[in-house]
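Here the structure comes first, spelled out in structure tokens, and everything after it is commentary.
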Amino acid sequence: MPMAAIVAAAATLAPAGAQRPDADIEVQCAAGRRFSVRADADRATVVWKDGQLTLKRGAISLGRYYRSPRAALIIDGDYVSFVPRGDRNWRDCRLMPRTDVIEKD
């Protein structure tokens, strides 16, 4: 089955102005699994304990979709779906709130 078919639904990184587009975003998943992602209009870089992957932007009607031969990633609001080849155990992933964002009065 193609990797893209395995990936569950997921749209944008966050509301405009809520975070810098070039900032690493922490993602927390079930069973204490976590990774960070940096995404722009063309690619996303995922970093986790097993390494780092750079994924190219793909076409999908919902969310922001990135893919490579080794993994797929979809970001929809605060929901994240990450499926590296051979590891389908990344479940219930969510973007973590940013703690370094300064709000203007």
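Computed from the coordinates by the stated procedures, all read-outs in this text should not be read as laboratory data. Here the structure is a predicted model, which is why all the values come from computation and not from measurement. All Cβ positions, even for glycine, are placed from backbone atoms using ideal geometry, and neighbour counts span all protein chains on display.
Tell me which residues come under 5 Å, amide H to amide H, from Arg34 once H is placed; ignore anything under 5 positions away on its chain.
Excluding prolines and chain starts, which carry no amide H, the hits are Cys29.
How many nm separate the modelled label positions at Asp42 and Arg88, each set 7 Å beyond the Cα in the direction of the Cβ?
Placing both labels 7 Å along Cα→Cβ, they lie 3.4 nm apart.
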